[in-house]
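Colleague: What follows is a structure written as structure tokens; I'll ask about it next.
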Amino acid sequence: NSEEDAADEPLLSDEEQVLALLREHGGRMKQAKIVDATDWSNAKVSQLLSDMAADDEIRKLRIGRENLIALPDEVPDGAE
């Protein structure tokens, strides 16, 4: 029963879900992939990531027309 499965999962804040996703993907993900993985709106993800970047929880790197989201210790040298 899927309701029971959901009850067994720990409740994570939005920030914790993003950090967990990043850890699962080697510390880096494109912003669009985070939107796909969470089913949140692009606007929600963008605002959340901006807030997290302001708190130094993540780094947002502009690559062409996309944002690469990385854990602070996963940013390549010279990429900032």
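The values are calculated or read from the model by the stated rules, or taken from the named source; none is laboratory data. The shown structure was predicted, so the numbers you read here are calculated from the model rather than taken from an experiment. Every residue, glycine among them, receives a Cβ derived from its backbone with ideal geometry; neighbour counts consider all protein chains shown. Ligands, DNA and RNA are stripped out before the accessible areas are found, and what is left, the full protein with its side chains, is counted by its heavy atoms. Shrake-Rupley method; radii C 1.70, N 1.55, O 1.52, S 1.80 Å.
Colleague: Is it the case that the stretch 23-31 has a residue that's over 14 Å from GLU74 (Cα atoms) and exposed (fewer than 15 other Cβ atoms within 10 Å of the Cβ)?
Modeller: No - not one qualifying residue is present in the stretch 23-31.
Colleague: For GLU80, state whether it is surrounded by 13 or more Cβ atoms within 10 Å (Cβ to Cβ) and modelled with pLDDT under 95.
Modeller: So GLU80 fails the test.
Colleague: Mind checking which pairs have a first residue in the stretch 45-58 that is farther than 14 Å from LYS30 by Cα and of a type in the set (Val, Ile, Thr) and a second that is open to solvent by less than 80 Å² (accessible area, probe 1.4 Å) and not in a helix (DSSP H, G or I), Cβ under 8 Å, 6 or more apart or different chains?
Modeller: Here the result reads none, with nothing in the stretch 45-58 linked to a residue that is open to solvent by less than 80 Å² (accessible area, probe 1.4 Å) and not in a helix (DSSP H, G or I).
Colleague: In the stretch 64-74, how many residues are surrounded by 10 or more Cβ atoms within 10 Å (Cβ to Cβ) and either touching a residue at least 24 places away in the same chain (Cβ under 8 Å) or more than 15 Å from LEU19 (Cβ to Cβ) (or both)?
Modeller: 7
Colleague: Let me ask you something else. Identify the single condition in (1) modelled with pLDDT under 95; (2) surrounded by 15 or more Cβ atoms within 10 Å (Cβ to Cβ) that PRO10 does not satisfy, given that it satisfies every other one.
Modeller: Of the numbered conditions (1) modelled with pLDDT under 95; (2) surrounded by 15 or more Cβ atoms within 10 Å (Cβ to Cβ), the odd one out for PRO10 is (2).
Residue-by-condition table, conditions (1) at pLDDT 95 or above; (2) in contact with a helix residue (DSSP H, G or I) (Cβ under 8 Å, 6 or more places away or on another chain):
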site	(1), (2)
GLN17	yes, yes
MET29	yes, yes
ILE34	yes, yes
GLN47	yes, no
ARG59	yes, yes
ASP73	no, no
